[in-house]
1. One residue is enough: does region 115-125 have a residue meeting the conditions open to solvent by less than 20 Å² (accessible area, probe 1.4 Å), outside any loop (DSSP other than H, G, I, E, B) and in contact with a strand residue (DSSP E or B) (Cβ under 6 Å, 6 or more places away or on another chain)?
2. Name, by its number, the condition in (1) closer than 22 Å to Leu261 by Cα; (2) crowded, with 17+ Cβ neighbours inside 10 Å; (3) touching a Ser or Thr at 6+ places or on another chain (Cβ under 7 Å) that does not hold for Ile151.
3. Among the residues of region 136-148, is any farther than 30 Å from Asn279 by Cβ, at pLDDT 95 or above and surrounded by fewer than 15 Cβ atoms within 10 Å (Cβ to Cβ)?
4. For a quick check of your reading of the model, give me the residue pairs whose first member lies in region 8-21 and is closer than 22 Å to Asn276 by Cα, whose second is part of a loop (DSSP other than H, G, I, E, B) and of a type in the set (S, T, N, Q), with beta-carbon atoms closer than 8 Å and at least 6 apart or on different chains.
5. Anything in region 27-72 that is more than 15 Å from Leu325 (Cα to Cα) and open to solvent by less than 20 Å² (accessible area, probe 1.4 Å)? List them, or say none.
6. Tell me, please, whether a residue that is under 25 Å from Pro296 (Cβ atoms), of a type in the set (Asp, Glu) and open to solvent by 50 Å² or more (accessible area, probe 1.4 Å) can be found in region 181-202.
7. For region 78-86, indicate whether the set of residues that are within 21 Å of Leu191 (Cα to Cα), of a type in the set (Gly, Ala, Ser) and surrounded by 18 or more Cβ atoms within 10 Å (Cβ to Cβ) is non-empty.
8. Residue under question is Lys132, and the condition is that it be surrounded by 20 or more Cβ atoms within 10 Å (Cβ to Cβ), modelled with pLDDT under 95, under 30 Å from Trp52 (Cβ atoms) and out of contact with any Cys (no Cβ under 8 Å at 6 or more places or on another chain); does it hold?
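The values are calculated or read from the model by the stated rules, or taken from the named source; none is laboratory data. Nothing here was measured: the structure is a model prediction, and the numbers come from that model. Cβ: placed from backbone, ideal geometry, glycine included. Neighbour counts: every protein chain shown. Quick note on the areas: whole protein, heavy atoms, side chains included, nothing else; ligands and nucleic acids left out. Shrake-Rupley method; radii C 1.70, N 1.55, O 1.52, S 1.80 Å.
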Amino acid sequence: SASNPPSGHLRPPKRGPSGRVRVFTDLDQVRQNLKHPDFEVVAHVQDADVIWIVANIQDWNEMDQSQFFNQFPGEGCLVEKQNLAATVAKFFNGKEKGWFPKTFNLETEMPSLIATFILRQEEKFDNHWIVKPWRLARSMDTHVTDHLLCIVRQADSGPKIACKYIDRPALFDGAKFDLRFIVLLRSVEPLDVLVYNMFWIRCANKKYDLTELEDYEKHFTVMNYREGGMRQVLYTDFIRQFEEQKNQPWAPVLQRIHKMLRRPFEAAAGTGKMPNMPNCRAMYGADVLLSADLDPFLLEITYMPDCTRACNYSAGFYDHVFSALFLDQVDPEWLTRV
């Protein structure tokens, strides 16, 4: 398990004349849901102690270093799909990567992909791949295929990665699912990572099998931005039903997920791609898929994830997040250090 950073290693933000930490944000969701008495939302960025914004900071030298920010320099090494694969590959160097699908950058590694595909074909291994654009979210322009020519052609419509498709996923009521976790990064050195205990479940709408690869409702789980409805399962109900369906406890699976969720941040810190900044904190979304053997795989990490469901499921969500990130108050009922 993770060795705990020394308590008190975090520098706190300043406070305004009212004695509260002043927050500037461009997110209505934060303005409406941050109710903690130690914080107040202010209208002007220059009045803020904490800046929590959607836009990426382009030039860190221009930022007032007495203010705190909701992002780290260099975090693109995690939140852009092609960079996440490169960061993980560089740090773990082929070792201990059972938690990250084999991935090729089609801009730079097409010959390696072709060689791997042909070798797998000769050895009669499963050869389904999922091709994703570098930067688009919500499964846009994403395709599952077992045809090499199809993979090669996908590269024509913009930069893509090809990941080995997890052809034997764990199923929930016969359908494919993945899990969205909220991960808080409090510091890079020492590495201090928390996971929010409540997670949410994204289910495909149709029963899973390896046919009809173009059928979105069978092979994809992001349904909340599409017509046709989305199945919502509360995480406590999911755990109970999962234990019934799999006839085994959830706790050891969650332990493996937690251990895995620390790994990409170890890679970002260990490769030096994400320098530590004492006035930076961040919140990410991490998408996890379980194999049929209940091994967790990391699909991607998202910057500034949509937290609508988190707010719906947990009224104090932003209070817990802001307390942990900026007041050094970690409520174990809601957050686990990994």
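1. no
2. With (1) closer than 22 Å to Leu261 by Cα; (2) crowded, with 17+ Cβ neighbours inside 10 Å; (3) touching a Ser or Thr at 6+ places or on another chain (Cβ under 7 Å) applied to Ile151, the lone miss is (1).
3. Within region 136-148, one or more residues are farther than 30 Å from Asn279 by Cβ, at pLDDT 95 or above and surrounded by fewer than 15 Cβ atoms within 10 Å (Cβ to Cβ).
4. These pairs meet every condition: Arg11/Asn279; Pro13/Gln67; Pro13/Asn279; Lys14/Ser66.
5. Answer for region 27-72, where residues must be more than 15 Å from Leu325 (Cα to Cα) and open to solvent by less than 20 Å² (accessible area, probe 1.4 Å): just Ala48.
6. No, because not a single residue in region 181-202 is under 25 Å from Pro296 (Cβ atoms), of a type in the set (Asp, Glu) and open to solvent by 50 Å² or more (accessible area, probe 1.4 Å).
7. For region 78-86, residues within 21 Å of Leu191 (Cα to Cα), of a type in the set (Gly, Ala, Ser) and surrounded by 18 or more Cβ atoms within 10 Å (Cβ to Cβ): present.
8. Here the answer is no, as Lys132 does not meet what is asked.
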